[in-house]
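Asker: One structure follows; several queries about it will come next.
The numbers here are math on the coordinates, done by the rules we state, and not lab data. Treat the numbers as computed from the prediction; the structure is a model and nothing was measured. We place every Cβ from the backbone using ideal geometry, glycine too, and count neighbours over all the protein chains shown.
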Amino acid sequence: MELLAITNARIVSAGTPAADPTTILAVDGEIANIDANAEIPAAARVVDAAGRSVLPGLTDAHCHAYGISMSLEEIEHSPLSYVALKAAHRLGRALRRGFTTIRDVAGGDAGLARAIREGLLPTPRYLYTGAALSQTGGHGDGRHPDYDADAHCGCSTTVVDGVDQVLRTVRENFRRGATAIKLLTSGGVISESDPLKMPQYSAEEVRAATYEADRRGSYVAAHAYSPEAIIHSVSNGVRTIEHGNLLDQVSAEVMAAAHAYLVPTLIAYDAMDRRGDQVGLTKFGRHKNSAVLMQGKDAIRIARAHGIPIGFGSDLMGDLEDEQLGGLRLQAEVEGVERAIEAATMTNAEIFQRPDLGRVQRGCVADLLILDGDVLATPDILWEESHPRTVIQAGRVVHDGLRV
């Protein structure tokens, strides 16, 4: 039996009322008790959190472990063994930042997931969609328009057209362990041949994916920027809109009626705007990035006004992955630090269909983040990586930056 007791814990967690310091007792990776007067077993490891904030472990609903480059072509033509090793390092760094669960929405495979389950790699809990589905000439079609080449089926995206191919690919992704399905239903920033605005995939193709996912007890996440693409996606059964920067009043009403979620990825555009030259963002990519950069925060405000639940994602490719925590800062600038924490914990857990994650409550997984200070008074301790933190995953201290 593994026992962990966190004493003098000031809990900052959506759904948990603010209270005086208390004790959190974890037994075999699960929160068994939260009580200031709890009896601490002699065999328990005791962590004193006096003067510190205790949060649920952070989650990232739009992470690209396999996104080792800004070039889709480079990713898909690199040996999978190399991509997986790079992904393991990317995930390990995310864990040390406090992200105890991530959802990989364009990549992941059974081999990496198995290695993580077997404890071979120190990484966040790994939920993945497998390769994202793209139509020919869509966001996931990494072929340069000037080159003559066959469409591909790669580790992060696969080009499939037609209802039958979509159905087969969705079923294959689930067979390989996917927990959700990713569709690319609008253009993207780094793809070379597709405009942002135009919806991608036909209604029949989108419905084929969402119907099959629903039968599996799962859901479809859609990469969509424009109002047209957002409406097209949720009207045909998509559950989460990824990015959604160009959301307007009409598309927000459709999302709200469909009970869809928004997963903003503000830091991706901010980082590409500042570091585009460093990571090789093309001129076309810079133009599209500018089109969505300024409207991402407005999309969050519109979504909140319509009662749309808002999660958190990073969407950082290549060397930009070190900006992951900056996304929390950007969401906090729109809605405050408490909302940003809620997005990256409880709301993401709802998206993942994992009610045992994202909360500091009895019966939940003991994924916790301890920050050195009062995060509500000095929120930069959450997103400034220079501030030390201790990360607990399933009741085990996996990173001890505070030397607890």
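Asker: For GLN200, enumerate residues with amide H under 5 Å from its amide H, sequence gap 5+ or separate chain, H modeled in the peptide plane.
Answerer: Those qualifying (amide H under 5 Å, at least 5 residues apart or on another chain) are SER186.
Asker: Here is a follow-up. Given the peptides 256-266, 67-77, arrange them by the average over their residues of other C-beta atoms within 10 Å, most packed first.
Answerer: 256-266, 67-77
Asker: Same structure again: Based on Cβ point charges of +1 for Lys and Arg and -1 for Asp and Glu, what charge dipole magnitude is obtained for the chain about its Cα centre, in debye rounded to the nearest 20?
Answerer: The calculation lands at about 580 debye.
Asker: Next up: Which one, SER235, SER186, SER226, has the greatest fluctuation when you compute a Gaussian network model over the chain with C-alpha springs under 10 angstrom?
Answerer: Highest fluctuation of the listed residues: SER235.
Asker: GNM, the chain, Cα, under 10 Å: largest mean-square fluctuation among ASP322, ASP20, ASP270?
Answerer: ASP20
Asker: Mind telling me which of ALA344, ALA208, ALA50 comes out most flexible in a GNM of the chain, alpha-carbon contacts under 10 Å?
Answerer: ALA50
Asker: At most 13 other C-beta atoms within 10 Å and a DSSP loop state: those are the exposed trypsin sites (Lys or Arg not before Pro) I care about. Give me the longest piece of the chain that has none.
Answerer: My reading of the result: 1-361 is the longest stretch.
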